[in-house]
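Inspection log for the structure reproduced underneath, given as structure tokens.
Readers should treat all values here as calculations from the given coordinates under stated rules, not as data from a laboratory. What you see is a predicted model; the values in this text were computed from it and never measured. No Cβ is skipped: glycine too gets one built from the backbone with ideal geometry, and neighbour counts run over all protein chains shown.
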DNA sequence: TGCCAACGTTGGTGTCGCCAACACTAACAA
DNA sequence: TTGTTAGTGTTGGCGACACCAACGTTGGCA
């Protein structure tokens, strides 16, 4: 890429002129071209904002990031083993154990041994959990709006579609944590 | 969303039937609709794959994730203070200190006090650093291809464009770490 | 001269993704 | 019936990362 020269005795003025830019337009110009052209770099940096916004939003209503995914999974797919919960939501089964404990403690799910297979626990959402999920739905909708604020409806759908395909691809190849998968 | 019923005495068969799906097509159907429609969730999950792939790729050539961004920034924008390096690359200045130490140690950058402002260090890329950057360029190109494998050229450009706009938006609002910004 | 802010450093924290190891349980083949 | 393999859940733990406070030095400005 183009090489710039620092003036004698100091920092390149052009660099400092753009680094502090506050207008969103052209802000990417202050990031190195090599990395701002990398989807991985963009995804990682964007995820940091998403993570912070999500944590703030759910903490504000006394929730945790993973609560939504787990409750949503139970609501949609019905009662589930912890292992399957992890598969639906992309969580390691050791983390699921801790998360489920928290939701049981909160009364939002209940756990019972599967009489058909005593290796498994059956996790079910409770009425309180359903109520909680409805609360989270509002949080999630606001969050989506905030997170995708610079995009219109069509662009939002496009971003979600492209990300989904990339995530499907890599999930198929790698799986979520600690799962057997083809090619392993 | 649609409610499914677990059969008496066990886990809902439909759920387990789709959880283990290995074909990428429709894999998203195994994720709760509430979350798979959230860009934030998708970005976070995709970032986990990106992070792993990036770490693996750079580690394989004896590098670290942040090496590329820092060297790229110095190459493109010229010598820079540590604070400006952090601004260009989205790193906290305390982390930049550690990263620069590592690059100095490796001989890929050199550090000198700014005679014009003794608060600042001037960080410059070295010939060895330029050579290293060229190595990383190859790694990054391969990485991009692997990461965006399921997308064609136009879709890749679209994803990068959309992510860039979202990242610009949130960077403008929030900044990278520990920076004054409008509305703070 | 005093105040405010920038820079760089040090030390530290909390979260997260991931993993090993183990005990229990189930399915299946010999 | 026995041994093997694998699934499930739990516990304990690790490394990376993003983030922050606090401090000393330096510079700009009123």
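When chain A is turned onto chain B, its residue with the beta carbon nearest the axis, and that distance in whole angstrom, is A:47, 2. Going by neighbour counts of Cβ atoms within 10 Å, the residues B:126, B:171, A:59 line up, fewest first, as A:59, B:126, B:171.
Shortest first, residue B:115 label-point distances to identical copies amount to 8.6 nm, with the label point at 7 Å from Cα along Cα→Cβ.
Each listed q (0.20, 0.21, 0.22 Å⁻¹) maps to a log10 I(q)/I(0) for the range A:36-149, found by the Debye formula over equal Cα scatterers with no solvent: -1.07, -1.14, -1.21.
Ranked by how many other Cβ atoms sit within 10 Å of their own Cβ, fewest first, the residues B:170, A:51 fall in the order A:51, B:170.
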